[in-house]
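Once you've had a glance at the structure underneath, I'll fire off some questions.
The values are calculated or read from the model by the stated rules, or taken from the named source; none is laboratory data. Note that the structure is a prediction, hence the values are computed from the model and not measured. Don't worry about glycine lacking a Cβ; one is built from the backbone with ideal geometry, like all the others, and counts go over all protein chains shown.
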Amino acid sequence: MNTSSRFAYAVHILALLSLQEGVPLSSEIIAGSVNTNPALIRRLLSMLAAAGLTSAQLGAGGGALLAREPKAIALVDVYRAVDDGQLFGLHRDTPNPACVVGRHIQAVLEEVVDDAARAMEASLGSRSLADVTDGVLRAERQRSRKPRKG
C-alpha cells in the first residue's frame, strides 16, 4: 500500500531544468537536488522524454533539457508520463460475495475513484510547470527577505 513519489520527483526534475535556461543537467546533478539515486533520475528522464517533455544533449557537458516551454507543460502531462493513472488502489483480492458489502463495494468504489481521478486530472490540467517554477521562485524570494537569526 505504498504511494508513488514519481510525480513529485518528475515535477522537481522539470522545475530544476526550467530554471537552467537551456543549460543541460546531468542525472547526477539532478539526483543531488532531488536527493535520490541517479539511476532513478535516468529512469524518470526516459519516461519524460518518451512523453516529449524532456530531451537529452549528448557529449561533453551534455545532459537533460526541457523539450517545451514551462507554460506548455501541463502538470497532468507530467502525471500521465510517470504514473500508472490509478489514483487509489482497490481490493487486491475479490471481496466476499456472500457479504452484502463484499458483493457491491468494488463497483461503488470504482465510481468514486473514477470521479476523484477526473477531478485530480482536471486540477493538474489547469496548472503548468511555469506555475510550479513561479511558486519556487516566490518562496525563495520570501525566504531571502526573512531576517537571519544568530
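With the condition kept exactly as written, say whether any residue in region 5-12 is outside any helix (DSSP H, G or I), aliphatic (A, V, I, L, M), surrounded by 17 or more Cβ atoms within 10 Å (Cβ to Cβ) and under 17 Å from the mean Cα position of the chain (by Cα).
Within region 5-12, none of the residues are outside any helix (DSSP H, G or I), aliphatic (A, V, I, L, M), surrounded by 17 or more Cβ atoms within 10 Å (Cβ to Cβ) and under 17 Å from the mean Cα position of the chain (by Cα).
Give the residue, chosen from Met1, Met47, that is at pLDDT 95 or above and either part of a loop (DSSP other than H, G, I, E, B) or touching a helix residue (DSSP H, G or I) at 6+ places or on another chain (Cβ under 7 Å) (or both).
It is Met47.
If you go through region 56-72 one residue at a time, how many are part of a loop (DSSP other than H, G, I, E, B) and farther than 17 Å from Leu45 by Cβ?
To start, the set of residues in region 56-72 that are part of a loop (DSSP other than H, G, I, E, B) comprises 58-62, 67-69.
Imposing the further condition that a residue be farther than 17 Å from Leu45 by Cβ reduces the set to 60, 69.
The total comes to 2.
Also, I was wondering about something else. In region 73-106, what residues are loosely packed, with under 10 Cβ neighbours inside 10 Å, over 30 Å from Arg42 (Cβ atoms) and small (Gly, Ala, Ser)?
If the condition is that a residue be loosely packed, with under 10 Cβ neighbours inside 10 Å, over 30 Å from Arg42 (Cβ atoms) and small (Gly, Ala, Ser), then Ala98 is the only one that fits.
Given the criterion in contact (Cβ under 8 Å) with a residue 12 or more places away in the chain and surrounded by fewer than 20 Cβ atoms within 10 Å (Cβ to Cβ), identify the matching residue among Leu25, Leu65, Leu48.
Answer to the selection: Leu65.
Could I ask something else about it? Could you check region 46-77 and list, in sequence order, the residues that are hydrophobic (A, V, I, L, M, F, W, C) and farther than 24 Å from Ala122 by Cα? Please lay out each step first, then the result.
So the first thing to find is which residues in region 46-77 are hydrophobic (A, V, I, L, M, F, W, C), and the list is 47-51, 53, 56, 58, 60, 64-67, 72-76.
Across region 46-77, the qualifying residues are Ala56, Leu58, Ala60, Ala64, Leu65.
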